[in-house]
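Have a look at the structure below, then the notes.
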Amino acid sequence: MKLTDITAGQSWACKFKVMTFLDSEGNVVDKQLNIGERHPGVPGVYEGLGIIKVRDIEKNLVKVLDTKTEKEFCVDWNDCWDADIVEWTDSEALA
C-alpha cells in the first residue's frame, strides 16, 4: 500500500516500528532528563499499533499515536505495514 492510498478525512491506523529508548522488557521509556542525567533506557526497535494523525506525502512520513503508550512517533512510511481504516465504536455500546 502506498501512502497516497490513504483517504484524507478518514481515520486510519497501521502497525509500525521505530528506534527509541526501551527498558529491559522492551517497553518505551519516556523520561524527562535533567542536565547530565543518564537515560535509564537503551536504544532499541519498538513495534506498535498507531493511529495515523498526520501524513507527509512529500517526505514519506506519518505521525502516529501509539495505542499502547499514547505517545506520538514520527515514522517513515517504509517502516509501516497493515494499514487499515479505523472503525470507531461507542464504549457504552460494548458494555
Of every hundred units of 1.4 Å-probe accessible area on the chain, the number belonging to carbon and sulfur atoms, as a percent, is 49
Restricting to Cα pairs under 8 Å and 6 or more apart, the percent relative contact order of the range 1-91 works out to 34
The correct pair for the chain, radius of gyration to one decimal and Dmax as a whole number, both in Å and from Cα atoms, is 15.5, 50
In order over the range 31-46: 3J(HN,Hα) from phi, Karplus 6.51/-1.76/1.60, θ = phi - 60°, whole Hz, x for each Gly or Pro, gives 9, 6, 9, 8, 4, x, 6, 7, 6, x, x, 10, x, x, 9, 10
Taking placed amide H atoms and a strict 5 Å upper bound, the residues 5 or more places from VAL29 or on another chain that come that close are PHE21, LEU22, ASP23
Given all pairs of distinct Cα atoms, the range 54-95 yields a Kirkwood Rh in Å of 12.3
Result for the chain: accessible area per residue, probe 1.4 angstrom, in square angstrom, of 74
Summing -39500 (n - 2.57) over every DSSP H run of at least 4 in the chain, dividing by its residue total and rounding to the nearest 500, the 222 nm mean residue ellipticity is -500 deg cm²/dmol
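The values are calculated or read from the model by the stated rules, or taken from the named source; none is laboratory data. Not measured: the values here are computed from a predicted model. Keep in mind that these areas ignore ligands, DNA and RNA; they rest on the heavy atoms of the full protein, side chains included. Shrake-Rupley method; radii C 1.70, N 1.55, O 1.52, S 1.80 Å.
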